[in-house]
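The values are calculated or read from the model by the stated rules, or taken from the named source; none is laboratory data. In this text the structure is predicted, and so the values were computed from the model without any measurement. When we count neighbours, we look across all protein chains shown, and the Cβ atoms used for this are built from the backbone with ideal geometry, even at glycine.
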Amino acid sequence: MARGYMAEASKTSGERYGDGSRARRYGSLAPRVFARWGGPGAWRRGWFLAVLAVLLGLALFLHSEVPNTIGNLGSLWETFLPWGGVLVPVLALIALLRRSLIALVALLLPALVWLNLFGGQFTSKSGTGGDLTVVTHNVNAGNPDPARTARELSGSGADIVALEEVAGSQARQYDKGMAGAYRYHKRVGTVGVWSKYPMRDARTVDIKMGWPRAMRATVATPKGDVAVYAAHLPSVRLQFASGFTAGQRDDSAEALGKAIAQDRTGKAVLLGDLNGTMNDRALAPVTSQMRSTQGAAGDGPGFSWPASFPTTRIDQIMVKGLEPVSSWSLPTTGSDHLPVAASVDF
């Protein structure tokens, strides 16, 4: 009886204070895990992955040095540059499966570069208020319901709206649908500007396309005059034989940048589908002299295309002589692009 009692007491004590064999068993787990990851093998495995990680980091950091001589590869990479960060967790997963310490360490390079380039986009930069609210929208020439699009834009509350890709067969529907909210408007070719404030000096801007796809007007706001540009740069194509064909887009960007540089109005807004991102070096004639409202005062990347699953921002609002307050994307209107909006201060 005493022996049984002592055994039971010993068992109870072991459960209360911890079983030594169990502690030894768990204590040996860490060395076993380290044995699988540690040792010279962990640093010898995955050198190819490590090289890929370093190359990815260099491609992110030196994106402007990726050559455009072959199929405009540099512009293509810069168009989708934020998505380069997706490769980091993919390579990290492979490195974990390979149990490669050298690859995991090498992946710190692209991860840190990506965070330096795009981490700031996910911090809140939007303010409130603003002296002027503007919207730009590629409405899609094949829009199945332009009347709905016009209603959505009229209800946006913007002071100025620029439209791109206004088909001739649908132009009157936009004119009629937006007339109630915007007293003043002017269309040139397939682009147009609608304004709550008086406009003057509306004219075509030659962007070397052979037909009008850009315009400029002076809008007299309560805070002063603003030069408003609406532009739709040529589309780019990704083709197997020729790569990323963007030559015409690049020439138009240069012409647009020259027109803006020669503008003597102190304050300017560019609204349009530029068929390129702010990272694309081909847009430097424009981006070098104007600020992106999304970059300065937007929350998140502000992707605008395609509307069904936005993966890039090719619709831009840029300013000169004005201070961005906030920038955001609007809900879908039936177009293949999302409208984008911004508020600015004088």
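Give the residues of the stretch 327-346 that are in contact with a Lys or Arg (Cβ under 8 Å, 6 or more places away or on another chain) and surrounded by 20 or more Cβ atoms within 10 Å (Cβ to Cβ), sorted by residue number.
Hits for the stretch 327-346 are 333, 340.
Tell me whether the stretch 265-278 contains one or more residues that are assigned to a loop (DSSP other than H, G, I, E, B), assigned by TED's automatic domain parsing to the domain that holds residue 136, free of Cβ contacts under 8 Å to residues at least 60 places away in the same chain and under 23 Å from residue 333 (Cβ atoms).
Looking through the stretch 265-278, at least one residue is assigned to a loop (DSSP other than H, G, I, E, B), assigned by TED's automatic domain parsing to the domain that holds residue 136, free of Cβ contacts under 8 Å to residues at least 60 places away in the same chain and under 23 Å from residue 333 (Cβ atoms).
The rows are residues; the columns are (1) surrounded by 15 or more Cβ atoms within 10 Å (Cβ to Cβ); (2) basic (Lys, Arg); (3) modelled with pLDDT of 85 or more.
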site	(1), (2), (3)
15	no, no, no
36	no, yes, no
50	yes, no, yes
53	yes, no, yes
80	no, no, yes
92	yes, no, yes
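Based on this model, can you work out whether residue 261 counts as at pLDDT 95 or above, assigned by TED's automatic domain parsing to the domain that holds residue 187, closer than 26 Å to residue 210 by Cα and surrounded by fewer than 20 Cβ atoms within 10 Å (Cβ to Cβ)?
So residue 261 fits the description; yes.
Criterion first (within 11 Å of the chain's Cα centre (by Cα) and either surrounded by fewer than 21 Cβ atoms within 10 Å (Cβ to Cβ) or in the same structural domain as residue 83 (by TED's automatic domain parsing) (or both)) does residue 309 satisfy it?
So residue 309 fails the test.
Does residue 181 count as among the aliphatic types (A, V, I, L, M), in contact (Cβ under 8 Å) with a residue 24 or more places away in the chain and farther than 24 Å from residue 251 by Cβ?
Yes; evaluated as a whole, the condition is true for this residue.
Which of (1) out of contact with any Asp or Glu (no Cβ under 7 Å at 6 or more places or on another chain); (2) β-branched (Val, Ile, Thr); (3) surrounded by fewer than 21 Cβ atoms within 10 Å (Cβ to Cβ); (4) modelled with pLDDT of 95 or more does residue 133 not meet, given it meets every other one?
Only one criterion in (1) out of contact with any Asp or Glu (no Cβ under 7 Å at 6 or more places or on another chain); (2) β-branched (Val, Ile, Thr); (3) surrounded by fewer than 21 Cβ atoms within 10 Å (Cβ to Cβ); (4) modelled with pLDDT of 95 or more is unmet by residue 133, namely (1).
Test residue 174 against the criterion of being part of a loop (DSSP other than H, G, I, E, B), crowded, with 18+ Cβ neighbours inside 10 Å, modelled with pLDDT of 95 or more and over 26 Å from the mean Cα position of the chain (by Cα), and give yes or no.
So residue 174 fails the test.
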